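Enquirer: My structure is below; once you've seen it, I'll send some questions.
The values are calculated or read from the model by the stated rules, or taken from the named source; none is laboratory data. Model, not experiment: these values are computed from the prediction. Reconstructed Cβ throughout: ideal geometry from the backbone, glycine too, with neighbour counts over all protein chains shown. Heavy atoms of the whole protein, side chains included, go into the accessibility calculation; ligands, DNA and RNA do not. Shrake-Rupley method; radii C 1.70, N 1.55, O 1.52, S 1.80 Å.
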Amino acid sequence: MLPAGNLANLLTLPARHFAVIDAGQQRVRILVASVTRGRPRVRQTVVIDSFEQGTTSPEEIREEVRQQLRRIAPEALILVVPQHQVLRQILDIPPTDPGHIRAVVEREASNIGGLSESQWAFDSSRLRPFGRLAHPLAAAFCRQDHLQDLIAAWTDDDKLVFEVRASGDAIAAAFSAAAPDVRDAVLVDLGADHTSITLVIDTQPVFATSIPTGSAAFTRALATDRGCSQESAEILKRSEVLPTEDAAALPALNAALRSWLAELERTLREWQNDHPDMAQAVRNWTVYLAGGGSLQPGLVEWLGKLAPRQISAWPQHPKEGDAIPADFVCAWGAFLLSLGLSGTAPSLLPSEHRTYWKRQRFWRVLLLSNFLLAALLAWVLIAAASRQTQALAAKRSWKDRATHALQSAHDIRIVAEGFNNRMDALRPILEAERQTVETLQVLAVLQNRRTNAQHWYVLLADAQSYAVGSNSFPPPPPPRSPEARFATPTPTAQTNPPSLARAFIAEICLVPQGEQMRQSLSELIGELKQYPLFRNVDIVAAERRKLLVSTNLIFPERHFALELNLSESELLPSVPLPRLTLTNREPARSGFRTAPRMATEVPAPAPSTATPTVTNSHPGRPR
């Protein structure tokens with residue numbers, strides 16, 4: 001995954017489709033690449049070979065490159081400057097004001113070859129400390145006429161040029177991407193007439209130069225050994241594998257390879273002499289070969305036998321989907337540097353081009369910001385719409401459930417009304433039957449009690465008959481409506497006479513007198529309390545007594561009335577009916593009110609007394 005900074009840089013690029021041009025003496029390589037989904041991708045590689053196409057003049061090669069560019073139609077061009085046209089130096093300048101650093105580099109440019117400042121294009125970038133240099137600064141210098149010729153060679157619209165990079169920095173960037181675990185190496189770009197040499201220390205290029213020899217010398221030596229023309233030798237070099245086991249068969253080629261290796265080692269020794277603190281380490285570094293000359297079959301193996309150090313072919317990253325050919329590594333590295341994906345390096349892009357692309361990047365950032373803002377607003381709108389949809393769905397679900405509940409309540413109400421109506425019709429019969437059963441049970445208990453000549457019963461009546469003093473009662477009230485059945489009575493409402501508890505009154509007359517009378521009365525009450533039929537047995541207060549017995553049958557001073565309260569045995573009560581009322585449970589808000597909603601309320605049953613009222617009883621006859 002790319003770091004956040006690199007990803008942001010890729011997203012704000014002013015172009016997406018690039019063409020990288022790496023021009024050599026005999027071949028021009030065009031790497032077509034793009035940025036897709038935040039990652040660089042190779043789309044196509046094009047090689048324009050003057051030998052294969054039979055072109056001899058530079059104008060023909062340029063026209064062929066222009067035709068390819070018109071076919072590819074890139075949004076931007078990236079150019080690779082050959083290392084032999086670039087002078088690279090390492091300066092030790094402490095971090096300070098950028099203007100001061102630029103002034104130092106300008107003075108260095110004015111001192112190069114005694115030429116004036118206006119003839120050189122230059123740039124610099126900071127490196128990490130290495131060796132004895134605590135504040136290294138890499139500076140690259142290129143003659144302006146070479147740079148302008150390079151830009152004008154491939155396109156008429158110079159605004160199309162997005163970046164210009166030196167081949168030494170480009171090959172170092174490509175190597176860091178191909179072998180990220182290798183920290184130090186010698187990188188060689190073998191061209192036809194020149195060989196670029198780059199030293200990499202701690203994954204950063206610290207030295208880059210060029211030697212004036214290349215694979216063209218190998219072609220001439222092979223033509224000498226085979227006694228053929230250079231054109232035939234070029235065909236043999238590209239098709240036949242060099243006989244590494246029989247070097248004596250090609251003495252001229254063997255001598256050319258040794259001469260090329262000697263020039264390479266001489267260049268490395270010169271750098272070691274300038275940096276003696278790192279001379280021992282450089283001797284053990286591996287040389288990685290790239291460029292068009294490295295494609296010759298068997299060349300790497302032959303050089304490995306002749307060289308005093310290890311020489312390897314260009315590595316391929318194991319995770320790369322498409323392998324980068326060895327002659328396109330400089331183009332790929334320049335593409336990575338231009339996108340800011342492989343460290344920093346001096347850029348040779350003219351200042352007016354930088355200003356143009358900075359302005360394009362600003363508009364790109366502005367458009368991207370607007371797009372992200374629009375995407376954010378769209379996301380917010382979608383989220384809000386989704387939330388509202390969910391809320392509406394929840395309200396519809398609540399409404400459906402409420403409608404179902406109301407329908408269920410209506411059905412329950414119909415069933416309950418039918419049940420209550422049937423119970424109202426049966427209740428008088430049940431009350432009469434219960435009254436009869438209780439009367440018989442009380443008579444059975446009193447008959448089982450032995451008087452022992454201590455008392456006798458003179459009257460037995462139910463409490464309601466005893467209270468009114470008669471067995472005649474008004475007819476029962478008509479059935480009440482379902483709402484009135486469970487309505488809470490108000491103080492001014494007309495109600496039935498107060499109901500009495502289910503009880504019987506038994507009047508007795510005692511034989512003993514005085515203390516024995518009271519003791520006998522207490523024993524009688526205690527014995528009656530032992531029966532489960534009675535919940536409580538107590539003496540009736542004097543103010544509740546009724547004179548219903550003739551005085552010639554009793555002794556007034558030994559005449560008492562006992563209240564026999566029966567145990568609870570409730571009949572099935574009426575079923576409470578659901579009631580529909582208007583309600584509004586929303587919190588009050590100023591300036592906004594919700595419409596009333598239908599809700600279902602089930603009233604709690606009215607609190608009952610300790611003994612329910614008997615509305616229509618058939619009391620026993622006073623005795």
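Enquirer: For region 93-161, what is the convex hull volume of the alpha-carbon atoms per residue, in Å³? Display every interim value, and only then the final one.
Expert: Numbers: hull volume 8.8 nm³, N = 69.
In region 93-161, the Cα hull volume divided by residue count equals 127 Å³.
Enquirer: Using the Karplus equation 6.51 cos²θ - 1.76 cosθ + 1.60 (θ = phi - 60°), what ³J(HN,Hα) coupling, rounded to whole Hz, does each residue of region 509-526 give in order, writing x for Gly and Pro?
Expert: Calculated HN-Hα couplings, in order: 10, 9, 7, x, 10, x, 5, 5, 5, 5, 5, 5, 4, 5, 5, 5, 5, x Hz.
Enquirer: From the Cα gyration tensor of region 210-305, with a ≥ b ≥ c the square roots of its eigenvalues, which class applies: rounded if a/c is under 1.5, or else prolate if a/b is larger than b/c, or else oblate?
Expert: Prolate shape, in that a/c is at least 1.5 and a/b is the bigger ratio.
Enquirer: Rounded to whole Hz and in sequence order, give me ³J(HN,Hα) for region 293-299 from the Karplus expression 6.51 cos²θ - 1.76 cosθ + 1.60, θ = phi - 60°, writing x for Gly and Pro.
Expert: In residue order, the calculated couplings are x, 6, 7, 5, x, x, 5 Hz.
Enquirer: Return the equivalent ellipsoid semi-axes of region 137-257 as a descending list in whole Å, where each equals the square root of 5 times an eigenvalue of the C-alpha gyration tensor. All intermediate terms of the calculation are to be shown ahead of the outcome.
Expert: On the way: eigenvalues 219, 96, 32 Å².
Equivalent ellipsoid semi-axes, largest first: 33, 22, 13 Å.
Enquirer: Please label the shape of region 269-354 as rounded, prolate or oblate, based on the square roots a ≥ b ≥ c of the eigenvalues of the alpha-carbon gyration tensor (a/c under 1.5 means rounded; beyond that, a/b larger than b/c means prolate, else oblate).
Expert: oblate
Enquirer: Pull up the cross-link candidates among the lysines for Lys237, meaning alpha carbon to alpha carbon under 20 Å and not fewer than 8 places away within one chain.
Expert: Lys237 reaches Lys305.
Enquirer: Using only protein heavy atoms and a 1.4 Å probe, report how much of Ser397 is accessible, in Å² to the nearest 10.
Expert: Spelled out: Ser397, probe radius 1.4 Å, area about 50 Å².
Enquirer: Moving on to the next point. Roughly how many Å is it from the Cα centre of region 418-459 to that of region 240-308, as a whole number?
Expert: 129
Enquirer: I've got another one for you. Skipping prolines and chain starts, which residues have an amide H placed within reach, meaning under 5 Å, of the one on Gln26, given they are 5 or more residues away or on another chain?
Expert: Ala192
Enquirer: Enumerate the amide H contacts of Val164 below 5 Å, restricted to partners 5 or more residues apart or on another chain; note that Pro and chain-start residues carry no placed amide H.
Expert: HN-HN under 5 Å from Val164: Leu79, Leu348, Leu349.
Enquirer: Report Arg128's accessible area, 1.4 Å probe, all protein chains in place, as a number in Å² to the nearest 10.
Expert: 110
Enquirer: Now for a separate question. Among all the aspartates and glutamates, which ones have a C-alpha under 18 Å from Lys159's C-alpha, if same-chain residues fewer than 8 places away are not counted?
Expert: Straight-line reach from Lys159, under 18 Å: Glu75, Asp145, Asp149, Glu352.
Enquirer: Do any chymotrypsin sites (Phe, Trp or Tyr not before Pro) in region 295-354 lie in a DSSP loop with no more than 12 other beta carbon atoms within 10 Å, and if so, which?
Expert: Listed in order of number, the matching sites amount to none.
Enquirer: Which of the aspartates and glutamates could a cross-linker bridge to Lys546, judged by Cα under 14 Å and excluding same-chain residues fewer than eight apart?
Expert: Asp462, Glu507, Glu563
Enquirer: Go through region 214-228 residue by residue and turn each phi into a ³J(HN,Hα) via Karplus (6.51, -1.76, 1.60, θ = phi - 60°); whole Hz please, and just put x for glycine and proline.
Expert: Ordered by residue, 3J(HN,Hα) equals x, 5, 5, 5, 5, 5, 5, 5, 5, 5, 5, 5, 8, x, 10 Hz.
Enquirer: Could you list which residues have their amide H under 5 Å from that of Asp123, counting only those 5 or more apart in sequence or on another chain, with H placed in the peptide plane?
Expert: HN-HN under 5 Å from Asp123: Ala140.
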